[in-house]
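Here the structure is laid out as structure tokens; the discussion comes afterwards.
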Amino acid sequence: MNYFSVNDVDDPNKWIDEALALKNELELKGPKSKTGKSICLLFFNSSLRTRLSMQKAAFNLGVESFVFNVGSDGWQLEFGDGTMMNGNTSEHIIEAAGVLSSYFDAIGVRAFPSLTSREDDYSEKILSQFIKHCSIPVINMESATLHPLQSFADVITIKELFPSKKPKVVVSWAPHPKALPQAVTNSFMQWAGKMDYDLVITHPKGYELAPEFMANATLEYDQDKALANADIVYVKNWSSYKDYGRILSQDESWTITNAKMNLTNNGKFMHCLPVRRNVIVADEVLDSESSVVIHQAGNRVTAANLVIQKLIG
Ligand code: CP
């Protein structure tokens, strides 16, 4: 079993209940004793939350974690089939995956997209090669197009905030100076599509997601209209999917301010972090009672606990 996307989860609502039960158990009883199992966390890109929440979750479950920053410390990996490796790449994924599989019980991989080739990125060139060549479970710690550990934490947080109500959840684009992946939004939309939400997405024209991520959502191009009566405002920047990897707008009127939050139903502000203050969201929102970003980031451990337990016990 791998944890690549929500499609690897048999019953997402049951997983939320199980994650909350495990969170409660760990709070009451403390970390489990050592299991003798180990997990490798392999990073091609930077991280704060993903790295440390996975390490904390492994500690909680008595699993030893080993972090490897392959992007800066490892041999440059080759992913092509049948390549003559007389260029910059020194080690093929076939050997690397085989060695890692012999050392560990599971592996987490973070590999961001290039944002230059939609075809390469949406074929999940790197994660799919790890899944193909590893003989141990592979956990997606944010791939080119998806971030399922983040999304699982997000839906757990919404469940804690609204245990019985069908919430109106609004996903809003906001401006950012750099081109960012669509992964967090794609993945949240996948998970949210499995939940009992009134789901709305709002963004400027040109920022439409790939159609497969829009299943149950209403698209509203007017951000103010979308925010009306929202219980959750989930904010994220992403670059264009259509005009692949490009920034089409830096319209500051999309920044989330108190005036925007006042349109909601006393809504809660969510963001995966890291967040650029006064670009994505004004200080007045992030520092207010309506922001749940720390609670949300705390649930990265809750999500990771269950994923690691499910995959290696
Ligand atoms: N949200 C998230 O994945 O944070 P990091 O990039 O710091 O891991």
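The values are calculated or read from the model by the stated rules, or taken from the named source; none is laboratory data. Note that the structure is a prediction, hence the values are computed from the model and not measured. Please note: Cβ atoms are built from the backbone with ideal geometry, for glycine as well, and neighbour counts cover all protein chains shown.
Does GLU95 satisfy the condition of being more than 24 Å from the chain's Cα centre (by Cα) and in the same structural domain as MET141 (by TED's automatic domain parsing)? Yes, satisfied.
Scanning the range 213-255 for residues that are farther than 19 Å from VAL155 by Cα and of a type in the set (Asp, Glu) turns up GLU220, ASP222, ASP224, ASP243, ASP251, GLU252. Summed over the range 15-35, residues that are in a loop (DSSP other than H, G, I, E, B) and touching a residue at least 24 places away in the same chain (Cβ under 8 Å) total 5. Of the set (1) within 15 Å of the ligand (Cβ to nearest atom); (2) over 16 Å from THR185 (Cα atoms); (3) part of a loop (DSSP other than H, G, I, E, B), all apply to GLU142 but (2). Taking the range 207-313 as the region of interest, the helices (runs of 4 or more DSSP H) fully inside it that hold 3 or more residues being closer than 28 Å to SER114 by Cα are 293-312.
Inside the range 61-93, residues that are crowded, with 18+ Cβ neighbours inside 10 Å and over 19 Å from ILE131 (Cβ atoms) make up a count of 3. Set side by side, the residues ALA174, ALA179, ALA183 differ, and just one is under 16 Å from the mean Cα position of the chain (by Cα) and within 29 Å of ILE232 (Cβ to Cβ), which is ALA183. Within the option set ALA183, ALA192, being in contact with a Leu (Cβ under 6 Å, 6 or more places away or on another chain), away from the ligand (no atom under 16 Å from the Cβ) and assigned by TED's automatic domain parsing to the domain that holds SER240 holds for one residue only, ALA192. Of the residues making up the range 234-247, those that are under 16 Å from VAL279 (Cβ atoms) and either out of contact with any Cys (no Cβ under 7 Å at 6 or more places or on another chain) or modelled with pLDDT under 95 (or both) are VAL235, ASN237, TRP238, SER239, ILE247. Filtering the range 285-301 to residues that are surrounded by fewer than 24 Cβ atoms within 10 Å (Cβ to Cβ), in contact (Cβ under 8 Å) with a residue 60 or more places away in the chain and either away from the ligand (no atom under 14 Å from the Cβ) or within 14 Å of ILE232 (Cβ to Cβ) (or both) leaves VAL292, HIS295.
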